[in-house]
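As structure tokens, the structure follows; a few thoughts come after it.
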Amino acid sequence: MIDELESLLDRLEEDPLNAFITLRSREEVLREAEELLRKGLIPRPITVKDNISTKGIRTTAGSKILKTYVPPFDATVVEKLKRNGYIIIGKTNMDEFGMGSTGENSAYGPTKNPLDPSKVPGGSSSGAGAAARAYSLPGLGSDTGGSVRAPAAWCSVFGLKPTYGSVSRYGLVPYADSLEQISPIGPTAKSVERLLEIIAGKDDKDATTVGKTEVSGCSEKGVEGMKAFVPENALDMVDKDVKAEFERALKKLDGVELEFSDLEELELAVPAYYVIAMAEASSNLARYDGIRYGVPPEELPPLTENFYEYVAEVRGKFFGWEVKRRIVTGSTVLSAGYSEELYLRALKARRKISEKLYNIVKDKVVLMPTMPTKPPSLAGERRPRELFAMDVLTVAANLAGLPAGSAPIAEGVGLQAVAARWRDCDVLRIMGVFERPVEAPWL
Ligand code: GLN
């Protein structure tokens with residue numbers, strides 16, 4: 001085991017995919033592994049997305065404004081991992097504050113796709129997806145609007161956003177609280193299931209957690225007798241090759257009764273999601289002034305007379321473009337003249353989508369492709385609309401708080417399953433059909 005860990009650490013040191021923002025020291029990792037072995041436990045290496053607080057380990061959320069922030073506490077999920085014999089290997093790269101779908105919006109450079117380094121790995125949990133694929137490392141990401149499902153699809157691994165309220169967000173650097181959950185991603189369906197079992201449950205430090213989902217054994221249960229709804233209009237929104245792979249994958253779901261029909265409300269998902277996500281982000285990100293923590297004092301601009309101007313200057317300097325765009329748009333949709341026309345309308349659309357989905361998932365899972373295309377080439381700047389369109393099939397589950405997972409069905413293509421609240425098990429049952437044999441002593 002120690003030998004395998006050492007060779008993993010050798011490979012990680014080079015990190016040609018730029019999957020990590022911070023790697024832990026070799027000595028610390030090996031010391032923890034030996035201690036676990038002495039206690040008769042299997043040391044399980046794991047990655048943690050860089051927006052999840054880790055005591056004593058730098059946590060930047062992919063932003064320059066948190067470049068030197070070292071949290072004095074662990075997120076609840078991190079505490080749970082440590083108690084269960086997991087060893088944090090490093091903090092994975094991500095789009096700044098989770099804002100992006102490709103992994104190109106990180107202030108620490110883009111992550112590359114292990115299947116083809118000229119392509120994007122998907123985001124915002126880009127490093128987590130790349131590490132799951134390239135090094136067979138399970139990890140924790142976060143999913144506000146698809147951020148573990150996108151990299152799961154484009155890196156051909158497994159990712160699951162749990163039911164809203166089942167996993168504590170205490171210690172997650174917030175982007176849009178009403179939409180996001182810390183979410184497992186890994187090389188096998190089993191590894192995702194095991195992580196969810198550990199991190200799920202009520203937490204006194206997060207009042208939105210209400211209970212625990214039982215997911216033990218679900219990925220091996222099979223799908224006999226399940227019913228599924230396939231939104232036909234979703235298939236018109238995806239590339240031909242993605243559609244063909246998806247239809248081929250449906251044939252593997254032996255014993256599942258399929259119903260095909262339109263889900264018109266899908267059209268509302270992207271506009272509703274972005275209005276709500278940006279509104280919440282503009283409020284959440286107000287806390288960063290770069291002065292109290294996060295930026296080395298020598299990099300701060302010289303003090304000016306006016307405090308507000310000074311904070312604006314600091315924020316202007318240390319936030320990336322996409323983040324600034326969203327703060328400005330978010331404040332606009334909440335402002336007096338616009339909130340009824342934009343924010344309240346988005347909430348109504350959210351209600352409409354959610355109610356439609358609740359009705360369908362009462363006795364069925366929804367199946368559709370995860371991403372509308374295969375992974376695109378690394379491009380640097382992208383037009384916001386192009387970026388937003390990538391999320392058309394993932395954000396509805398966040399708006400409705402439903403569990404949703406992505407399983408690999410071809411290189412760079414994922415099949416997504418969405419189930420009723422608390423039925424994360426049904427999502428894992430579908431994911432289990434596409435389980436992959438992956439050899440690693442920690443899996
Ligand atoms: N692509 C979406 C966004 O940029 C989703 C991000 C996420 O899930 N964190 O908001």
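Just so it is clear, none of the values below were taken in a lab; they were calculated from the coordinates. It should be emphasised that the depicted structure is a prediction, and the values quoted were computed from it without experimental measurement. Positions of Cβ are generated from backbone atoms using ideal geometry, with glycine treated the same way; all protein chains shown enter the neighbour counts.
Observations
- Three-way shape label, region 324-427, alpha-carbon gyration tensor, a/c 1.5: oblate
- Mean-position separation - Cα centroids, region 1-42 and region 248-304, in angstrom: 31
- Look at the Cα gyration tensor of region 105-163: its axes a ≥ b ≥ c give a/c of at least 1.5 with a/b at or below b/c, and that counts as oblate.
- Least to most buried among Cys425, Cys155 (fewest other Cβ within 10 Å first): Cys425, Cys155
- Exposure proxy ranking for Leu137, Leu443, based on other Cβ atoms within 10 angstrom of each Cβ and starting from the fewest, stands as Leu443, Leu137.
- Arg24, Arg345 arranged by Cβ crowding within 10 Å, fewest neighbours leading: Arg345, Arg24
- Across the cross-link table entries Lys112/Lys227; Lys190/Lys362; Lys251/Lys356; Lys91/Lys352; Lys39/Lys112; Lys251/Lys348, which are compared at the Cα atoms, the separations over 30 Å belong to Lys112/Lys227; Lys91/Lys352; Lys39/Lys112; Lys251/Lys348.
- Expressed in Å, the radius of gyration and Dmax of the Cα atoms of region 372-428 are 13.6, 38.
- Straight-line cross-link partners of Lys82 among the aspartates and glutamates, defined as a Cα under 13 Å from its Cα and at least 8 positions apart when in the same chain: Glu32, Glu35, Asp74.
- Approximate spin-label separation Leu303-Arg26, in nm, with each point projected 7 Å along Cα-to-Cβ: 4.5
- Each of Ala349, Gly401, Phe434 was scored by the projection of its Cα onto the charge dipole of region 335-443, and the greatest displacement toward the positive side belongs to Ala349; charges sit on the C-beta of Lys, Arg, Asp and Glu.
- By average C-beta atoms within 10 angstrom, highest first, the peptides 385-398, 184-197: 184-197, 385-398
- Taking every DSSP bridge with both residues inside the chain, close to 65 percent are antiparallel.
- Protection proxy ranking, peptides 411-419, 434-442, average beta carbon neighbours within 10 Å, highest first: 411-419, 434-442
- All-pairs Cα distance distribution in region 13-110, expressed in whole percent, bin size 10 Å: 17, 44, 31, 8, 0
- Stretchable slack from Glu34 to Ala244, in nm (0.36 nm times residue separation minus alpha-carbon distance): 70.8 nm
- Isolated Cys residues of the chain, judged by Cβ distance under 4.7 Å to other cysteines: Cys155
- With the convex hull drawn over the C-alpha atoms of the chain, the volume per residue is 135 Å³.
- Listed by chain and number, the aspartates and glutamates placed with their C-alpha closer than 19 angstrom to that of Lys221 are Glu193, Glu197, Asp254, Glu257, Asp363, Asp424, Asp426, Glu435; residues fewer than eight positions away on the same chain are left out.
- Added length on full extension, which subtracts the Cα-Cα distance from 0.36 nm per residue, Val438 to Asp236: 69.4 nm
- Two-site label geometry, Met1 and Thr68: point separation in nm, points 7 Å out along Cα→Cβ: 3.8
- Hits among lysines - C-alpha to C-alpha of Lys119 under 18 Å, sequence gap 8 or more where chains match: Lys374
- One Cα centroid belongs to region 392-443, the other to region 313-377; the line between them spans 21 Å.
- Per-residue packing, averaged as other Cβ atoms within 10 Å, sorts the ranges 249-255, 300-306, 371-377 into the order 371-377, 249-255, 300-306, beginning with the highest.
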